[in-house]
Ligand SMILES: Nc1ncnc2c1ncn2[C@@H]1O[C@H](COP(=O)(O)OP(=O)(O)OP(=O)(O)O)[C@@H](O)[C@H]1O
Ligand SMILES: [Mg+2]
């Protein structure tokens with residue numbers, strides 16, 4: 001009982017003794033590893049987590065099967081090539097995995113610190129030379145690693161969707177990298193709350209509240225806020241027939257109808273005979289007042305939304321680069337049915353805001369037998385002559401094309417990372433020893 | 001108070017020094033002015049009623065809790081200014097030792113050894129040694145969750161010793177331990193003290209400390225109570241007398257007009273004596289009267305006497 005050896009201990013203990021006095025923010029590799037080891041051992045050894053992983057795997061698997069079956073039948077129905085089924089399936093599965101990840105991530109950290117405190121294991125760890133940051137960061141890294149295992153377990157299904165084509169490895173990697181970062185943020189939020197609240201029920205609820213706010217509230221709030229940014233009397237410059245010319249032209253059309261009721265008024269084969277030609281040469285600029293919604297003032301509220309971040313960060317399939325038509329993101333989104341591109345196009349379009357100039361003149365060309373088509377995103381209008389060529393009419397209004405340029409996801413991800421950093425700081429601040437103040441009803445040990 | 005255990009190695013080794021320490025929790029004054037020193041190479045007992053602030057004091061010594069006022073040093077390191085090094089010098093065993101759900105005893109010890117900066121192989125060796133010392137080798141591979149209270153307490157002690165600390169803070173270490181473990185705990189403490197470590201033990205089981213402590217610090221209502229006033233030299237206390245011929249003893253006491261009580265079913269008698277001098281006189285008289293007296297001992301231990309003499313209410 002009396003032989004308490006201290007041979008190689010003094011030497012190794014000395015290497016740890018740093019000159020810093022308060023080492024709250026000190027971080028050493030060995031200290032971090034000690035805590036990560038401890039946490040992982042604790043989590044991985046319980047059977048529960050294997051069960052959870054199995055359940056997760058089958059849920060994602062079932063979802064993937066559904067998505068693949070649905071997209072396959074949809075693309076057959078629309079007559080599109082199989083290539084479009086890939087992005088759609090990939091997008092849906094990615095969004096689903098992200099959603100499921102956001103739901104399970106709080107479970108890994110939301111009771112991490114208060115749970116340890118209630119078990120009486122936290123104080124003994126704090127009493128060692130481990131710094132507060134080492135303890136908190138170790139817990140975060142371990143929880144994040146476990147969450148990452150769950151995300152990686154979804155990879156086989158992603159690969160499955162890649163078999164449908166149109167999806168590159170880069171796309172998968174970037175989507176996963178962003179998802180890892182977002183999950184880490186949720187883990188940090190849980191950790192912060194678990195340091196703030198003594199009861200694990202409170203910290204869990206609060207973490208879910210934050211996750212729900214991020215993913216749902218960031219959509220509802222800007223949607224409601226559009227009411228506030230809808231302005232009634234806004235002047236918009238219109239290129240088209242001036243009011244009096246417009247009136248005259250309407251008169252002419254009415255007269256034509258009245259002239260002979262029995263005439264064939266069908267537009268099936270272009271303009272019916274005798275239909276008055278629109279005076280397109282009279283098109284000029286004038287101003288009208290109308291109601292517009294300044295979505296550009298509220299769109300940024302959706303930026304922190306994890307689904308928006310991932311969608312915006314996801315690169316488009318490489319096939320889109322070759323096709324100049326696909327420069328229009330909205331067009332691509334509509335054609336491919338890729339939900340990631342769809343979300344991305346919607347957000348960026350909202351960012352552009354209401355039009356201040358409008359080309360009404362171009363629509364008059366339909367009366368001349370031209371084919372005027374508005375692209376899927378509603379921002380580009382193209383004109384095709386009856387013989388199929390593009391006429392030399394040049395719209396004076398710049399086309400509003402939503403492109404993949406100027407990505408917005410760095411802002412969203414940045415906001416999320418700041419949030420995570422804040423909660424990490426809260427956790428460290430709360431565990432800083434020696435404790436100055438204790439929350440009411442908390443015992444250190 | 002002079003100890004009955006091993007003589008303290010009274011060199012200038014720094015131990016624990018607590019000066020004018022106060023700590024409140026809201027309106028509760030848990031520690032309300034404690035001052036004492038615990039020398040190195042000795043076992044210091046920390047004794048006081050429930051809620052007198054012992055655990056709170058140990059938390060401050062372990063570097064986990066900041067005193068509102070006062071100064072705390074361990075092994076010559078200011079716990080506030082030199083927090084990390086002070087923490088490294090201290091081994092703290094809390095009164096309740098929580099366990100990690102699925103870690104084995106060995107893993108708990110190696111984890112802590114690693115936390116104190118030992119290499120993986122040194123940590124394993126150290127864990128093996130300590131488990132052996134605490135007679136936990138058979139349980140080494142079992143999850144700590146399944147340990148009994150006393151086994152857990154022994155594991156807690158092993159954990160506190162893992163980095164061979166200069167200063168050892170034990171909060172009720174013996175609770176739940178069986179007699180054999182307690183004796184071994186005493187031996188451990190004694191041998192650590194001989195090596196020059198500073199040991200501060202809080203315990204309610206005073207008979208426990210009786211044989212091992214060198215110094216005692218009494219606390220009550222968050223304050224250290226002056227040990228001098230509880231010197232039992234002149235205190236009235238009960239003494240246990242036993243003789244090979246109980247009848248002769250009783251006749252002697254009757255004749256000397258000393259009131260006694262007889263303990264049920266044994267040959268012992270208990271007499272009230274006022275201080276050591278009376279005891280000496282009684283022994284002399286008994287020997288002169290040819291009473292075959294073989295035992296004379298205070299009913300309660302000195303610590304217990306002193307403790308009871310504090311006469312302070314429980315909080
Ligand atoms: N975190 C806390 N918040 C509020 N009051 C506290 C806290 N910790 C301790 N106290 C109070 O401080 C006083 C001292 O508590 P402490 O645990 O130090 O007593 P103790 O001497 O260890 O008692 P025991 O012998 O029962 O272990 C008690 O009245 C207790 O209620
Ligand atoms: Mg206590």
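Where a number appears in this text, it was derived from the coordinates with a stated rule and is not lab data. As the structure is a computational prediction, the values presented were derived from the model and not from experiment. Backbone-built Cβ (ideal geometry, glycine too); neighbour counts: all protein chains shown.
Across q = 0.07, 0.09, 0.14 Å⁻¹, chain A modelled as identical point scatterers on its alpha-carbon atoms has Debye log10 I(q)/I(0) values of -0.53, -0.76, -1.28, in the order of the q list. Remark: mean inter-chain Cβ contacts per residue of A:45-54 equal 1, using a 10 Å Cβ-Cβ cutoff to other protein chain atoms.
Counted over all Cα-Cα pairs of segment B:44-106, pairs farther apart than 13 Å make up 68 percent. Modelled spin labels at residue A:74 and residue B:290, positioned 7 Å past Cα toward Cβ, are 11.6 nm from each other. Placing pseudo-labels 7 Å out from each Cα toward the beta carbon at residue A:277 and residue A:55 gives an inter-label distance of 7.3 nm. I need the calculated FRET efficiency for the pair residue A:372 and residue A:159, taking r as the beta carbon distance and R₀ as 45 Å, to the nearest 0.05. For residue A:372 and residue A:159, the calculated efficiency is 0.55. When you count the other C-beta atoms within 10 angstrom of each residue and take the mean per peptide, A:231-244, B:96-109 line up highest first as B:96-109, A:231-244. Of A:257, B:307, the sequence from fewest to most neighbouring Cβ atoms within 10 angstrom is A:257, B:307. How big is the antiparallel share of DSSP beta bridges in the protein assembly as shown, given as a percent to the nearest 5? Expressed as a percentage, antiparallel bridges in the protein assembly as shown total about 70. Each residue, residue A:232 and residue A:103, gets one label point 7 Å from its Cα in the Cβ direction; the gap between the two is 4.5 nm.
Between B:304, B:211, B:84, the Gaussian network model of chain B with springs among Cα atoms under 10 angstrom shows the greatest mean-square fluctuation at B:84.
Counting only DSSP beta bridges whose two residues both lie in segment B:161-271, roughly 65 percent are antiparallel. Once the Cβ-Cβ distance between residue A:209 and residue B:299 is put in as r, and R0 is 45 Å, what FRET efficiency do you end up with, to the nearest 0.05? Once rounded, the FRET efficiency stands at 0.10. Taking every residue in A:124-136 and counting other chain Cβ atoms within 10 Å of its Cβ, the average works out to 6. Counting only other chain Cβ atoms within 10 Å of each residue's Cβ, the peptide A:220-228 averages 0. Here segment A:97-161 yields Rg over Rh of 1.14, to two decimals, using C-alpha coordinates and the Kirkwood radius. Our summary of shape: the Cα atoms of segment B:72-178 have principal axis extents of 40, 32, 23 Å, ordered from largest down, in whole angstrom.
Equivalent ellipsoid of segment A:107-223: semi-axes from √(5λ) of the C-alpha gyration tensor, largest first, are 32, 19, 11 Å. In terms of packing, defined here as the mean over residues of other Cβ atoms within 10 angstrom, the peptides A:431-441, B:71-81, A:187-197, B:164-174 line up highest first as A:187-197, B:164-174, B:71-81, A:431-441.
If you bin all the Cα-Cα distances of the protein assembly as shown at 10 Å, starting from zero, the percentages per bin are 2, 11, 16, 15, 12, 11, 9, 7, 5, 4, 3, 2, 1, 1, 0, 0.
Of all DSSP bridge pairs formed entirely within chain B, close to 65 percent run antiparallel. Residues B:183, B:296, A:135, ranked from the fewest to the most other C-beta atoms within 10 Å, line up as B:183, B:296, A:135. Taking the C-alpha atoms only, the angle from helix A:47-78 to the longest principal axis of chain A is near 10 degrees.
Pairs of alpha carbons in segment A:187-270 separated by more than 17 Å make up 74% of all such pairs. Calculate how steeply helix A:339-352 sits against the longest principal axis of the alpha-carbon atoms of chain A, using the helix alpha-carbon long axis, and give the answer as 0 to 90 degrees to the nearest 10. So the helix axis and the longest Cα principal axis differ by about 70 degrees. Value of Rg to Rh for segment B:143-187, rounded to two decimals, is 0.97; Kirkwood radius and Rg both from alpha-carbon coordinates. For the pair residue A:256 and residue A:395, the difference between a 0.36 nm per residue extended length and the Cα-Cα distance amounts to 47.2 nm. On full extension, the segment bounded by residue B:180 and residue B:135 gains 15.1 nm, given 0.36 nm per residue less the C-alpha separation. Seen against the Cα atoms of chain B and their longest principal axis, helix B:105-115 is set at about 60 degrees. Based on the Cβ-Cβ distance of residue B:19 and residue B:277, what FRET efficiency does E = 1/(1 + (r/R0)^6) give at R0 = 45 Å, to the nearest 0.05? In this case the efficiency is close to 0.75. The Cα-based radius of gyration and maximum Cα-Cα distance (Dmax) for segment A:31-150 are 20.2, 68 Å. Length gained on full extension, residue A:360 to residue A:403: 13.1 nm, using 0.36 nm per residue less the C-alpha separation. The fraction of Cα-Cα pairs per 10 angstrom bin, counted from 0 for segment B:135-220, comes to 16, 50, 29, 5, 0 percent, rounded to whole percents. The ranking of A:336, B:119, A:215 from fewest to most other beta carbons within 10 Å of each one's beta carbon is B:119, A:215, A:336. When only alpha carbons are used to place a centre, segment A:154-178 and segment B:122-166 end up 49 Å from one another.
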